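Q: Sharing a structure below in structure tokens format, with a few things to ask.
The values are calculated or read from the model by the stated rules, or taken from the named source; none is laboratory data. Keep in mind that what you see is a predicted model, and the values were worked out from it rather than measured. As a convention, Cβ positions derive from the backbone with ideal geometry for all residues, glycine included, and neighbour counts pool all protein chains shown.
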Ligand code: FAD
């Protein structure tokens, strides 16, 4: 069969914030770089990000600095985070935001002209650099503009704008290619197809950066759009890399619940950061009843104190609506289950009377538009109905914090597809800054890897043939089962059995169901040929969603505690013993998901000394506390 071939130094899979930042870095370091994305260029999840990018710039509250941001991030992740990643992120996020400004981003300003920063859950100080509630759009616009600027430079230097950086949009990667089958064999390229024509394409490249985002499309109710099918997670596993923290899924507390066609679409946390309050059907501001023990001293216990905090943060504690997302999502879930929900199975979120109508439209333009257009609700006059929605996966490819390198030589990962940075729960705003910090590092990591490479790994004819056969298989099963049926069943299974509150017997049921769905997926077919055939595309995506779902369910069943984005009905408490443990997923040579326990390395002394003993004692083991005591003595 006719396969289009391209040769690059670095192939970046994904054109969201992480992919673009990685590609810019690789190109700036002189590497010939391809950006491949399955959606249109500019249409990634990053563009949907609303609230902002968290960076301790101290523009609104000068008390903020990287150490406070580091502490907040570790606290939000319930101390399971890869502390080195959290450290690099907290230290470098501000530089990455300033860099964006230098490249042309127009952030909202404070009265004295600095980049404005807003409040968000779990962040001690106003920290999110933002552009209204359309921050992701500005981030992507700026990074794309930077790509174009580099292309203009290449036009002048080499007479070819695409000599060093080229975008392959609407092109889906289905397999990573390697020099051999062993996990330690180096990457030699990536294989995929053009969505429009169905033509197959092979990229020869010794370094690949995965930046494919998350997995939300394995759930029925999700804020994620069609391209979040866990492709990068599955591609990494199939190439021999490891995934960690897969049991931790963030259910954002506020998705739309009505009408059914828009269920799951995100209602930004900025609504709560900008004075929005949550109430149940009895009109009660219920979050005061859900402040967990570990956060008791940091959150207001009365409405008066909570409301005063917006104007005087030094003298008051934060409103409990701004607890980390896992806490708020569980609280909403409990209110609905107790029969105190809104008419369509959510709770009420309102800014009415808390900001003037003009201020609501100015600060939350997208939310105003979204509710008016989709639900016929005017948020300047009425409350929104909201409930939890599958939003973000904390788990992903296990990478080296400094370089983004996975355990497979030549394979790097950054952004939502990578794991570790956010521990068991991500703070809002920490993703956009994560993309910039670790996108840049992965691009640099790939460039450094190339510099140390003696020879380019090669793609054998057999490897290419296997990838080709796998990609076209659903087309030869035109009479096979409809892939949409299998997808719906998977989404229902994950939503109902491995959702926000988990039980052992339900997860076992889910695993059994996923096993059967895998068999059915192998028989799905796609009539209609190669030209723009979404059934074919979905049949291929199913392999990825099923693999990733299995990792989520297996890891969730093994972790017998509740922490962050993993809540067990049968093990409701957080366990100090489990904090040290990472569950690492890999594939056996037979292609089965296997999970091993790994121990999280101890935090460096200067970092652990940033916490006080009373706080640490809520999370760590007695041995770790003894080490801390010895350190600070
Ligand atoms: P993405 O931006 O999703 O990009 C993934 C890219 O990979 C896409 O280009 C896609 O086409 C491509 N791709 C996927 N699979 C393949 C394949 N097989 N072959 C080729 N290409 C592929 N975070 C914050 O910090 N602040 C916020 O305010 C915020 N708001 C959010 C609002 C919404 C509605 C959502 C959904 C998320 C929000 N987040 C926010 C989270 C954040 O936006 C995402 O975590 C982040 O944008 C992920 O970026 P990424 O670069 O990793 O992936």
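Q: Of all residues in the stretch 276-297, which are closer than 14 Å to residue 121 by Cα and either within 16 Å of the ligand (Cβ to nearest atom) or touching a residue at least 60 places away in the same chain (Cβ under 8 Å) (or both)?
A: 276, 277, 278 - these are the residues of the stretch 276-297 that are closer than 14 Å to residue 121 by Cα and either within 16 Å of the ligand (Cβ to nearest atom) or touching a residue at least 60 places away in the same chain (Cβ under 8 Å) (or both).
Q: So, one more: Between 327, 359, which is surrounded by 20 or more Cβ atoms within 10 Å (Cβ to Cβ) and without any contact (Cβ under 8 Å) to a residue 60 or more places away in the chain?
A: Every option except 327 fails the conditions.
Q: For the stretch 171-185, which residues satisfy the criterion of being surrounded by 19 or more Cβ atoms within 10 Å (Cβ to Cβ) and either in a loop (DSSP other than H, G, I, E, B) or within 16 Å of the ligand (Cβ to nearest atom) (or both)?
A: Of everything in the stretch 171-185, those that are surrounded by 19 or more Cβ atoms within 10 Å (Cβ to Cβ) and either in a loop (DSSP other than H, G, I, E, B) or within 16 Å of the ligand (Cβ to nearest atom) (or both) turn out to be 171, 172, 173, 174, 175, 176, 177, 179.
Q: Can you tell me which of (1) at pLDDT 95 or above; (2) assigned to a loop (DSSP other than H, G, I, E, B); (3) near the ligand (Cβ under 8 Å from one of its atoms); (4) more than 15 Å from the chain's Cα centre (by Cα) is the one residue 64 doesn't meet?
A: The number of the failed condition is (3).
Q: Restricting to the stretch 409-421, count the residues that are closer than 15 Å to residue 54 by Cα and either free of Cβ contacts under 8 Å to residues at least 40 places away in the same chain or more than 10 Å from the ligand (Cβ to nearest atom) (or both).
A: So the count comes out to 1.
Q: Which of the residues belonging to the stretch 133-154 are within 11 Å of the ligand (Cβ to nearest atom) and farther than 17 Å from residue 104 by Cβ?
A: Across the stretch 133-154, the qualifying residue is only 133.
Q: Just one of (1) away from the ligand (no atom under 12 Å from the Cβ); (2) out of contact with any strand residue (DSSP E or B) (no Cβ under 9 Å at 6 or more places or on another chain); (3) under 22 Å from residue 245 (Cβ atoms) trips up residue 197, so point out which.
A: Every listed condition holds for residue 197 apart from (3).
Q: Residue 224 is checked against (1) buried (at least 24 other Cβ atoms within 10 Å of the Cβ); (2) within 15 Å of residue 168 (Cα to Cα); (3) near the ligand (Cβ under 10 Å from one of its atoms) and fails just one. What number does that condition carry?
A: Looking at each condition in turn, residue 224 falls short on (2).
Q: Right, something else. Quick check on residue 264: is it under 30 Å from residue 230 (Cα atoms), at pLDDT 95 or above, within 16 Å of the ligand (Cβ to nearest atom) and outside any loop (DSSP other than H, G, I, E, B)?
A: The answer is no for residue 264.
Q: In the stretch 378-402, what residues are away from the ligand (no atom under 16 Å from the Cβ) and under 22 Å from residue 336 (Cα atoms)?
A: Passing the criteria: 379, 382, 383, 385.
Q: Quick one: which helices (runs of 4 or more DSSP H) sit completely within the stretch 559-633 and have at least 3 residues that are closer than 26 Å to residue 325 by Cβ?
A: The qualifying helices (runs of 4 or more DSSP H) are 576-579, 613-616.
Q: Would you check which residues across the stretch 1-14 are within 15 Å of the ligand (Cβ to nearest atom) and either touching a helix residue (DSSP H, G or I) at 6+ places or on another chain (Cβ under 8 Å) or part of a helix (DSSP H, G or I) (or both) and list them?
A: Selection gives 10, 12, 13, 14.
Q: Which residue pairs have Cβ atoms closer than 6 Å, lie 6 or more positions apart in sequence or on different chains, and pair a first residue in the stretch 260-275 that is more than 16 Å from residue 52 (Cβ to Cβ) with a second residue that is near the ligand (Cβ under 7 Å from one of its atoms) and assigned to a loop (DSSP other than H, G, I, E, B)?
A: That search, which allows pairs on different chains as well, returns 264/223.
Q: Which one is surrounded by the fewest Cβ atoms within 10 Å (Cβ to Cβ), of the residues in the stretch 16-57 that are near the ligand (Cβ under 6 Å from one of its atoms) and assigned to a loop (DSSP other than H, G, I, E, B)?
A: 39
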